[in-house]
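Coordinate-derived values only; no laboratory data. These figures come from a predicted structure and were not determined experimentally. Reconstructed Cβ throughout: ideal geometry from the backbone, glycine too, with neighbour counts over all protein chains shown.
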Amino acid sequence: MRVQGAPRLVLPVVCAVIVRPRLWGISMVMLWRMASRRWWRRAPFLPVPDEKFLRFRLVTMYGGNGAPESDRIGADVVAWLDWCRTWKSLSP
């Protein structure tokens, strides 16, 4: 089952993160950590999350079918990346 509307989520996320240089590093780290295994062997040949994993994350965050409101997704990702950045700095 394909994640419905995933490509439409990319632009709001990129726009929200690109204006916040403090999040660039952690966004690359988290993208790398969530990338599918052997991502270089399958199109689109980018380190993107597995569709099943992305669907799971969207459903657990937004409930229902996992379809977020496009005007909310950027702010939600920024809040999550801020949390990741802060959490990482608190670990021993």
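Data table
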item	result
FRET efficiency estimate (nearest 0.05) - Cβ-Cβ, residue 28 to residue 62, R0 35 angstrom	0.90
Computed [θ] at 222 nm, helices only, for the chain once each DSSP H run of length n ≥ 4 contributes -39500 (n - 2.57)	-20000 deg cm²/dmol
Dipole of the chain, positive direction: furthest Cα of 34, 61, 45, with charges on the beta-carbon	45
GNM flexibility winner over the chain from 38, 72, 22 (Cα, springs under 10 Å)	38
Two-decimal Rg/Rh across the chain, once Rg and the Kirkwood Rh are taken from alpha-carbon atoms	0.96
Whole-angstrom gap from the range 59-88 to the range 6-37, using each part's C-alpha centre	11
Bins of 5 Å from zero: percent of alpha-carbon pairs in the range 35-77	6, 21, 22, 20, 16, 13, 2
Relative contact order, percent, the chain [alpha-carbon distance under 8 Å, six or more residues apart]	38
Residues 69, 51, sorted so that the one with the fewest Cβ neighbours within 10 Å comes first	69, 51
Check: the range 35-77 dipole with +1 on Lys, Arg Cβ and -1 on Asp, Glu Cβ, in debye	400
Among 80, 32, 40: highest mean-square fluctuation, GNM of the chain, C-alpha pairs under 10 Å	40
